């Protein structure tokens with residue numbers, strides 16, 4: 001029962017008298033505030049005292065759609081990377097294992113992208129629904145995902161160059177032995 005009360009209270013946003021819920025340009029703002037709070041709430045300087053009031057926090061319905069749109073964009077990128085990986089695995093050069101290696105490296109990266117985007121989407125949707133004050137941007141996730149993708153592509157490129165060099169070197173040695 002206590003958790004239900006806490007969830008209900010989380011839908012309220014408490015503000016102070018200095019952050020009034022009306023536009024700063026309104027001439028009768030102090031009068032409106034005094035009507036809401038009752039007369040006699042002024043301190044010695046004549047300004048309203050810092051009394052806390054709780055007002056319901058509004059959520060724009062577009063926020064949910066923006067969260068879903070961001071999730072779909074991340075999923076689109078993940079599916080594209082996954083399809084590139086499967087294409088490399090299925091249609092790559094069969095004589096060279098570099099395409100297979102690149103495909104095998106990119107497939108887990110795609111799955112990591114998908115899982116991360118799902119968790120971020122669920123977490124944001126829950127926080128938006130509970131009206132928790134939060135930052136809507138993800139500062140760590142994209143950086144980590146770019147690093148993972150960059151490292152995986154770098155490893156695949158290094159192995160590809162290494163195998164190409166090894167084949168070229170072994171072919172030149174066999175040609176030299178054949179002509180001697």
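Annotations
- Fewest-first sequence of 147, 107 by Cβ atoms within 10 Å of each Cβ: 147, 107
- A Cα-only calculation for the range 62-175 places Rg and Dmax at 19.5, 72 Å.
- The slack between residue 168 and residue 95, meaning 0.36 nm per residue of separation minus the straight C-alpha distance, is 24.9 nm.
- Residues 163, 135, ranked from the fewest to the most other C-beta atoms within 10 Å, line up as 135, 163.
- Using R0 = 41 Å, the C-beta based FRET efficiency linking residue 66 and residue 155 works out to 0.70.
- When 87, 70, 143 are arranged by Cβ crowding within 10 Å, least crowded first, meaning fewest neighbours, the order is 143, 87, 70.
- Computed extension length for residue 58-residue 87: 5.8 nm, one decimal, from 0.36 nm per residue of separation with the Cα-Cα distance subtracted.
A short reminder: the numbers here are calculations on the coordinates, not readings from a lab. The structure presented is a predicted model; accordingly, all values stated were derived computationally and were not measured. Positions of Cβ are backbone-derived with ideal geometry, glycine not excepted, and every protein chain shown enters the neighbour counts.
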